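Structure first, commentary second.
The values are calculated or read from the model by the stated rules, or taken from the named source; none is laboratory data. The structure displayed is predicted, hence computed values, not measured ones. Positions of Cβ are generated from backbone atoms using ideal geometry, with glycine treated the same way; all protein chains shown enter the neighbour counts. What goes into the accessible areas is simple: the full protein's heavy atoms, side chains included, and nothing from ligands, DNA or RNA. Shrake-Rupley method; radii C 1.70, N 1.55, O 1.52, S 1.80 Å.
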Amino acid sequence: MSLLIATVLLLSSVAIAEGKVSIDWSIRYSYAELEKQLASINQAYPSITSLYPIGHSWQERALWCMELTDPSVDKEEKTGIAVLANIHGGERESAACAMYFAWWLTENSSSEQVSDLLRRYDIYVVPVINPDGYEQSFVYNTRQNLRPVDANGD
């Protein structure tokens, strides 16, 4: 069974816990609001999450990565999994899905299934790879990253 199928089955079999972090999943948030939500998740679950920038966009927005893992198990014994979302600016739903995945894992981290997952894997969630395009997509839908391009080379 593939890891993706196993994860979907796992997520559907565990009841959602009463959460420490409340997020309304029916709203599409600005990038600044997503940053605050990531910080809230990290503050609520510091023993299993790390939050750090992995770079910056053309317009100097931080590219945030949330690492989820059980730190009691040596990293060399685990497989790394990357969840990268919102590559195209106007596909905001992908950012929401990645955010939900990180939130759900933390909110259910006390369950046996999620605890086992965090013991076996280092999970890296980057909910928005293209924060400039993400923000611009609230004005008009765009796939671009907004970095200026000289199309004709002059």
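Within region 51-67, the set of residues being open to solvent by 50 Å² or more (accessible area, probe 1.4 Å) and among the hydroxyl-bearing types (Ser, Thr, Tyr) comprises Tyr52 only. The residues in region 70-87 that are under 19 Å from Thr49 (Cβ atoms), among the hydrophobic types (A, V, I, L, M, F, W, C) and part of a loop (DSSP other than H, G, I, E, B) can be counted, and the count is 2. If you go through region 61-109 and keep only what is of a type in the set (A, V, I, L, M) and closer than 16 Å to Trp25 by Cβ, you end up with Ala85, Ala95, Ala96, Ala98, Met99, Ala102, Leu105.
The requirement of being open to solvent by less than 50 Å² (accessible area, probe 1.4 Å), at pLDDT 85 or above and not in a loop (DSSP other than H, G, I, E, B) is fulfilled nowhere in region 1-21; no residue meets it. If the condition is being open to solvent by less than 50 Å² (accessible area, probe 1.4 Å), among the β-branched types (Val, Ile, Thr) and either in contact with a Cys (Cβ under 8 Å, 6 or more places away or on another chain) or assigned to a loop (DSSP other than H, G, I, E, B) (or both), then region 88-130 contributes Val125, Val126, Val128. Any residue in region 10-31 that is over 17 Å from Gln43 (Cα atoms) sitting within a Cβ distance under 8 Å of a residue that is modelled with pLDDT under 85 and among the hydroxyl-bearing types (Ser, Thr, Tyr)? List the pairs, counting only those 6 or more apart or interchain. Close Cβ pairs (under 8 Å, with a partner that is modelled with pLDDT under 85 and among the hydroxyl-bearing types (Ser, Thr, Tyr)) amount to Tyr31/Tyr134. Scanning region 80-121 for residues that are more than 13 Å from Leu38 (Cα to Cα) and among the β-branched types (Val, Ile, Thr) returns Ile81, Val83, Ile87, Val114. Does Glu67 fit the bill of being over 17 Å from Gly19 (Cβ atoms), among the charged types (D, E, K, R) and in a loop (DSSP other than H, G, I, E, B)? Considered against the rule, which asks whether it is over 17 Å from Gly19 (Cβ atoms), among the charged types (D, E, K, R) and in a loop (DSSP other than H, G, I, E, B), Glu67 comes out as no. Within region 22-49, the set of residues being surrounded by 14 or more Cβ atoms within 10 Å (Cβ to Cβ), hydroxyl-bearing (Ser, Thr, Tyr) and modelled with pLDDT of 95 or more comprises Ser40, Tyr45, Thr49.
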